[in-house]
Number of protein chains: 2
Amino acid sequence: MTPLQNDLLLRTMRGEATERSPVWLMRQAGRILPQYRAIRQRLSGFKELVETPHLAAEVTIQPVDELGVDAAIIFSDILVVCDAMGLPYDMEEKRGPFFRRTLRSAADVNRLRIADGNDNLQHTITAVSLVRQTLAGRVPLIGFAAAPWTLLSYMVEGSGSKTFSEAKKMLYCAPDVAHRALEKITQSTINYLKAQIHAGADVVQIFDSWAGVLSPEQYSTFSARYIHQICQAIDEVPVTVFAKGAFFALSEIAEMPCQAIGLDWHTSPKFARQAVGKYKVLQGNLDPCQLYASPEAVAQATTQMLRDFGSQRYIANLGHGVYPDTPLESVKAFVRAVQQTTPKAKLATS
Amino acid sequence: MTPLQNDLLLRTMRGEATERSPVWLMRQAGRILPQYRAIRQRLSGFKELVETPHLAAEVTIQPVDELGVDAAIIFSDILVVCDAMGLPYDMEEKRGPFFRRTLRSAADVNRLRIADGNDNLQHTITAVSLVRQTLAGRVPLIGFAAAPWTLLSYMVEGSGSKTFSEAKKMLYCAPDVAHRALEKITQSTINYLKAQIHAGADVVQIFDSWAGVLSPEQYSTFSARYIHQICQAIDEVPVTVFAKGAFFALSEIAEMPCQAIGLDWHTSPKFARQAVGKYKVLQGNLDPCQLYASPEAVAQATTQMLRDFGSQRYIANLGHGVYPDTPLESVKAFVRAVQQTTPKAKLATS
């Protein structure tokens with residue numbers, strides 16, 4: 001293995017003192033980059049890109065070249081695990097994911113397979129290997145998967161939803177069926193993350209995109225519990241848990257054997273630190289809409305964010321994936337502002 | 001004026017000690033009731049119902065008859081104020097509101113009228129008078145309006161949105177234009193609420209449905225500030241502020257001259273009380289999906305909620321509008337559970 005030339009993210013996640021905060025952006029491999037759009041328009045759709053390892057690898061590396069971020073994150077889709085478990089979906093332009101069959105009954109859950117990588121997950125695992133080889137140690141590579149609740153919510157609902165009321169109905173009306181499904185998804189996710197790590201992921205992140213539709217009690221019972229199991233099973237590399245909208249669960253997430261906690265833009269640094277304590281690394285959380293502003297305004301807001309979080313045990317990022325119509329110059333201003341703010345400069349201005 | 005026979009809501013909002021907590025449901029006048037569906041299917045659409053005062057009055061009273069709730073809330077739509085300001089919208093089945101023209105520039109804002117009731121708002125104001133006469137003091141009548149930020153977000157975006165990124169872009173890129181629009185909407189909303197109060201509304205509620213897409217700083221600058229102005233202007237009746245998703249702003253809302261604060265289902269009673277202090281009345285916050293469960297399970301969850309909030313300075317409600325496909329028996333179980341739980345019973349079980 002080539003040693004890492006930029007290991008800032010890994011040192012930060014291990015809790016070591018660092019010269020500055022590392023920076024990357026959720027969805028940095030995507031439509032914000034002209035290089036990505038050029039590849040994407042040659043293909044039939046988003047899933048073709050996910051399922052073509054050499055192209056997925058290429059778009060994974062584009063933001064390292066173009067933006068100079070401190071980490072790459074493998075280009076894939078959280079829902080590939082549903083496909084691998086026997087519940088296929090299509091990704092429709094503008095409409096988002098759509099499942100031909102949904103998961104509604106105990107019989108549906110019984111038919112779910114446990115994914116093990118000998119399935120469509122192989123595409124992403126191959127892409128991880130290719131990225132790792134091509135990067136040759138320039139920056140670490142982040143692998144990822146969805147939290148089991150987030151996958152369940154799509155599988156039951158069959159598409160995106162404002163309320164995910166069908167999925168939540170299962171939690172209230174058939175909790176045993178939901179738990180059976182969540183157990184299978186959890187095992188599949190552990191297998192998938194371990195395969196990514198084996199193929200070369202240096203760090204993994206768990207995305208609980210629909211954490212924010214649950215009540216605190218439901219979140220604890222149907223989501224946090226399974227994320228905890230995943231964190232326990234992944235002891236090879238550092239783990240980040242990002243539960244969007246789950247401000248109420250930050251203390252519970254802080255009890256998990258993970259190294260970092262992702263934050264959305266609703267959570268102030270002070271609120272987050274109070275909830276999680278001193279030791280966990282925090283990651284986030286600029287409002288993605290802030291990047292619509294001028295590069296100067298972005299730099300100012302980013303510098304303020306760095307000041308509020310402090311430079312240690314902190315990874316600069318947005319509070320959600322970067323929006324596709326974000327101007328590239330503002331994205332660059334965000335990255336530059338983090339990389340030019342050293343702890344010393346920070347102290348001088350605070 | 002006929003004196004109120006059931007003034008539990010008003011006594012609670014005035015901070016008086018009461019024999020039990022009052023109960024009503026957001027969207028109680030709506031599709032959960034067969035009586036509502038019968039009227040609705042005779043009409044061309046949702047807006048026809050909003051704009052036909054005697055029918056709007058009829059559906060407002062239906063839940064008082066059918067569910068026995070402790071308050072009526074006028075049947076209308078938050079977006080009627082946009083119409084009155086010169087930005088018309090259609091309500092499309094399943095798709096939600098759709099604006100033919102949107103608000104994007106300073107010139108667009110200049111063209112906005114200040115609503116004063118001599119416009120389409122007259123429909124709702126007439127309906128308020130009719131309800132007040134027909135109720136003849138059985139229960140109090142709640143008037144309502146949206147928070148200015150929520151109306152602005154629809155006017156700029158032109159429809160519902162997962163992110164409201166166009167509306168938020170205006171806040172970051174053209175804050176002066178946004179403030180000009182918010183001032184006009186605030187004045188229109190004050191006029192509208194005063195007209196409702198003059199026509200007979202006993203209480204008013206301000207709905208900030210899209211509070212939850214903003215960062216704490218943006219919320220303070222572009223939403224809380226204008227809600228505060230509305231609360232200051234309305235000194236005739238008690239006011240409830242419900243900012244969905246704005247857990248981070250509870251302390252700021254507690255500083256407003258309002259009597260009650262609505263809570264969504266993410267906010268635990270303990271978190272809310274700590275944030276707002278002892279004096280404000282709290283309202284909420286059962287997860288609307290809890291009502292998909294059996295009447296027995298609903299009664300149990302409701303009793304637990306009453307125990308957690310305590311019986312004083314508390315109005316039982318859901319944490320969001322009741323979903324249209326909720327079984328009527330579970331809605332009734334919710335109302336019954338509140339009305340049968342007296343503080344004495346509560347003390348005995350806690």
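Which percent of the Cα-Cα distances in region A:75-168 go past 22 Å? Working shown, then result.
Working: 1550 of 4371 pairs.
Pairs farther apart than 22 Å: 35 percent.
Which value in deg cm²/dmol, rounded to the nearest 500, describes the helix-derived mean residue ellipticity at 222 nm for chain A, given -39,500 (n - 2.57) per DSSP H run of n ≥ 4 and division by the residue count?
Details: 17 runs with 164 residues, N = 350.
Rounded to the nearest 500, it is -13500 deg cm²/dmol.
Can you check what the net charge comes to around A:Ala84, using other residues whose Cβ is under 9 Å from the Cβ of A:Ala84 (Lys, Arg +1; Asp, Glu -1)? Walk me through the intermediate numbers first.
Values: positive: A:Arg113; negative: A:Asp83, A:Asp116, A:Asp119.
Combined, the nearby Lys, Arg, Asp and Glu give -2.
Do any GluC sites (Glu not before Pro) in region B:151-244 lie in a DSSP loop with no more than 15 other beta carbon atoms within 10 Å, and if so, which? Write down the numbers at each step before the final one.
Values: sites: B:Glu157, B:Glu166, B:Glu183, B:Glu217, B:Glu236; in loops: B:Glu236.
Qualifying residues, ordered by number: B:Glu236.
Nm distances between the label at B:Arg14 and the same-position labels in the remaining copies, 7 Å along Cα→Cβ, shortest first?
6.8
Measuring from a point 7 Å out along Cα→Cβ, what nm distances, shortest first, does B:Gly96 have to its partners in the other copies?
For B:Gly96, the inter-copy label distances come out at 1.0 nm.
Exactly which GluC sites (Glu not before Pro) in region B:1-61 are in a DSSP loop and have at most 10 other Cβ atoms within 10 Å?
On the way: sites: B:Glu16, B:Glu19, B:Glu48, B:Glu51, B:Glu58; in loops: B:Glu16, B:Glu19, B:Glu51.
Here the GluC sites (Glu not before Pro) that fit, given the DSSP loop and packing criteria, are B:Glu19.
Pairs of alpha-carbon atoms within less than 8 angstrom and 6+ residues apart define the contacts here; what relative contact order does region A:8-349 have, in percent? If you can, show how the numbers build up before the last one.
Values: 654 pairs, mean separation 72.5, N = 342.
The normalised contact order for region A:8-349 reaches 21 percent.
For A:Ser215, A:Ser268, A:Ser159, what's the fewest-to-most ordering of other Cβ within 10 Å of each Cβ?
Details: A:Ser215 23, A:Ser268 18, A:Ser159 15.
Lowest to highest Cβ neighbour count: A:Ser159, A:Ser268, A:Ser215.
Given 25 °C and 0.890 mPa s, how large is the Stokes-Einstein diffusion coefficient of chain A in µm²/s, with Rh as the Kirkwood radius over Cα pairs? It would help to have the intermediate numbers written out before the result.
Working: Rh = 20.3 Å.
D, rounded to a whole number, is 121 µm²/s.
Along the charge dipole of the protein assembly as shown, which of A:Val241, B:Asn110, B:Gly45 sits closest to the positive end, that is, farthest toward it, with unit charges on the beta carbon of Lys, Arg, Asp and Glu (+1, +1, -1, -1)?
Positive-end residue among those listed: A:Val241.
Distances from A:Glu48 to the same residue in each other copy, label points 7 Å out along Cα→Cβ, in nm, shortest first?
Those label-point separations list as 4.6 nm.
Restricting things to alpha carbons, tell me how big the protein assembly as shown is in terms of Rg and Dmax, in Å.
In Å, with Rg to one decimal and Dmax whole: 25.9, 84.
Closest beta-carbon to the A-to-B rotation axis: which chain A residue owns it, and what is the separation in whole Å?
Closest to the axis: A:Phe247, 3.
To the nearest Å, what is the center-to-center distance of region B:160-178 and region B:29-50, using C-alpha atoms only?
Each part reduced to its Cα centre gives a spacing of 33 Å.
With a cap of 12 neighbouring Cβ atoms within 10 Å, and only residues DSSP puts in a loop, list the trypsin sites (Lys or Arg not before Pro) found in region A:50-107.
Working: sites: A:Lys94, A:Arg95, A:Arg100, A:Arg101, A:Arg104; in loops: A:Lys94, A:Arg95, A:Arg100, A:Arg101, A:Arg104.
Listed in order of number, the matching sites are A:Lys94, A:Arg95, A:Arg100.
Expressed as a whole number of Å, what is the distance separating the alpha-carbon centroids of region B:228-279 and region A:301-316?
Centre-to-centre distance over Cα atoms comes out at 30 Å.
Arrange the following residues from fewest to most other Cβ atoms within 10 Å of their Cβ: A:Val69, B:Val237.
On the way: A:Val69 26, B:Val237 19.
Exposure proxy ranking, most exposed first: B:Val237, A:Val69.
Computed from the coordinates by the stated procedures, all read-outs in this text should not be read as laboratory data. Since this is a predicted model, take the numbers as computed values, not measurements. Glycine gets a Cβ as well: all are built from the backbone with ideal geometry, and neighbour counts include every protein chain shown.
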